[in-house]
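Below is one structure, written out as structure tokens, with a few remarks after it.
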Amino acid sequence: MKLNILNRMMVAIVVSAVMLVPVSVPTNAQQQSRQDQEQQQNQKQKNQKQQQEAKQKKQKQQQEAKQRQAQKQQEAKQKKQKQQQEAKQRQAQQKQEAKQRQAQQQQQRQQNAQKQKQEAKQRQAQQQQQRQNAQKQQQEAKQRQAQQQQQQRAQQQQQRQEQARQAQIQRSRQQQRLSQQQQRQRIDQQQQRTAQYRAHLDQQQRIAQQRSAQLQQQRRLAQYRFQQRYLQRLRQQQLSIQNTRNYNYSRDPYFYTPSSYRYSRDGRYYETNQYGANLLRQAVNNGYEEGFRAGQADRQDRWASNYRDSYAYQDANYGYSGYYVDRDDYNHYFREGFRRGYEDGYNSRHQYGSYSRGKYSILGTVLSVILNLESLQ
């Protein structure tokens, strides 16, 4: 029994072994197939996952691209809106500035119109003032003319009286003459005076040339022209003096006519006859006329008033021939007339003299005060 059992067990084992051998081979193949399927499935899932991830990445990139595009569009829109807003602001500002400019221009036009009105009023007032001044000047000119005429008539009357008195003195002295010795003394004195005067004129020519150069450097053209005319007359005067070397003293009444006047200068008294007195009067008149023209010249040059600066004042010899009176006396009275003439000429007036027939002459009343001649009769 035990053997049967053992046999049965052996048979079972053999049968099991037989049955197990063919069955184990197909089981490994199936398992490999399943693994392959699982790998394929896994690969497929992996591919699907990669595709899904790629698709999601692409979708994300597209979405980001859309967002960037939308953002750019938004920024462009905002920029455009900002530009439009700035353009509107600039336009509004330009309009405001245009209005301000227009208001300023209007205000400026109003101010200009007001200024023009004011200037027109001022011009009108100035014209009115000028007319009044012109009328006043005309009135003053008429008054001066009337005064000058009156002074001239008085001077002429005084001259006629003086001439009548001199004629009477001359008639009363027709038989009176200086002695031969006195005449000789006068002639000697005159010859000495003439020689000294010729030498003085030569020296003055050199000084005049220096003075002319100085005036040209200072560009005082009017004063320069006046001095040239003055020097030209002096040269003519010098030529006439040189032609009197053979002077006939016996035919000149000055040398035998006694003194009839007395005048004072620098605290001293001097005597002369009517010929010497006439020369002193001529000295004052010559000085006044030259001074008037010198004053006019300085005024034209816009130079400061200074009569002492004029060469004619410093020279003071125009009209002096070297006869009848000393040169110092002639120079003194020439300068007295020159100073007054210069003041009238520089200030364009006729306070001390008058103008007639192209010649300036000092008033008779002023002449009498300057000379203060005293008759010895």
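Read the figures in this text as sums done on the coordinates, not as results from a lab. Quick caveat, the model's predicted, so the values are computed rather than measured. Note: ideal-geometry Cβ built from the backbone for every residue, glycine included; neighbour counts use all protein chains shown.
Based on Cα contacts under 8 Å between residues 6+ apart, region 177-375 shows a relative contact order of 25 percent.
In plain terms, the residue of I362, I207, I187 with the fewest other Cβ atoms within 10 Å comes first and the most crowded comes last, giving I207, I187, I362. Across all Cα pairs in region 90-168, the calculated P(r) in 5 Å bins from zero up to the longest distance comes to 4, 11, 9, 7, 7, 7, 7, 6, 6, 5, 5, 4, 4, 3, 3, 3, 2, 2, 2, 1, 1, 0 percent per bin. Scaled to the globular estimate 2.2 N^0.38 Å, the Cα spread of region 90-222, given as radius of gyration, is 2.65. For the chain, modelled as a Gaussian network with Cα springs under 10 Å, which listed residue fluctuates most, A65, A154, A208? Per the Cα network of the chain with a 10 Å cutoff, A65 tops the list. Remark: spin-label model distance D309-E86 equals 7.1 nm, labels positioned 7 Å along the Cα→Cβ axis.
Of the trypsin sites (Lys or Arg not before Pro) found in region 203-275, the ones in coil according to DSSP and having at most 11 other Cβ atoms within 10 Å of their Cβ are R219, R245. For region 73-122, the equivalent ellipsoid built from the Cα gyration tensor has semi-axes of 46, 4, 4 Å, listed from largest to smallest.
Around A199, with a cut-off of 13 angstrom between Cβ atoms, what is the net charge of the other residues, counting Lys and Arg +1 and Asp and Glu -1? Net charge in that neighbourhood comes out at +3.
Relative to the dominant Cα principal axis of the chain, helix 180-217 is inclined by about 10°. Using C-alpha pairs below 8 Å separated by at least 6 residues, the relative contact order for region 293-377 is 29 percent. Of the residues Y256, A208, Q180, the one whose Cα sits farthest towards the positive end of the charge dipole of region 177-375 is A208 (charges of +1 on Lys and Arg Cβ, -1 on Asp and Glu Cβ, taken about the Cα centre). If you model region 174-283 as an ellipsoid using its alpha carbon gyration tensor, with each semi-axis the square root of five times an eigenvalue, the axes come out at 36, 17, 12 Å, biggest first. The angle separating the long axis of helix 2-172 from the principal Cα axis of greatest extent in the chain is about 10 degrees. Projecting the Cα positions of A92, W303, N133 onto the charge dipole of the chain (unit charges on Cβ atoms of Lys, Arg, Asp and Glu, taken about the Cα centre) puts A92 furthest along the positive direction. Relative to the longest principal axis of the Cα atoms of the chain, the long axis of helix 274-300 lies at roughly 10 degrees. For the chain, the C-alpha radius of gyration divided by 2.2 N^0.38 Å, with N the number of residues, is 3.19.
Each distinct pair of alpha carbons in region 247-377 adds a 1/r term; the inverse of their mean, the Kirkwood radius, is 15.4 Å. Per-residue Karplus couplings for region 225-238, computed as 6.51 cos²θ - 1.76 cosθ + 1.60 with θ equal to phi - 60°, are listed in order as 5, 4, 5, 5, 5, 4, 5, 5, 5, 5, 5, 4, 5, 5 Hz, Gly and Pro entered as x. Below 28 Å, Cα to Cα, which lysines can K77 reach? Residues fewer than 8 away in the same chain don't count. Leaving aside lysines fewer than 8 places away in the same chain, those within reach of K77 are K58, K60, K66, K88, K95. Here the extension length gained between Q50 and K99 equals 10.6 nm, from 0.36 nm per residue of separation less the Cα-Cα distance. Seen from Y230, the other residues with C-beta closer than 12 Å to its C-beta sum to a net charge of +3, counting Lys and Arg as +1 and Asp and Glu as -1.
With a Förster radius of 30 Å applied to the C-beta separation of R34 and Q59, the computed FRET efficiency comes to 0.25. Working note: 222 nm ellipticity from helices only, DSSP H runs with n ≥ 4, each -39,500 (n - 2.57), summed and divided by the residues of the chain, gives -28500 deg cm²/dmol to the nearest 500. The convex hull built on the alpha-carbon positions of region 225-304 has an orientation-averaged projected area of 7.7 nm².
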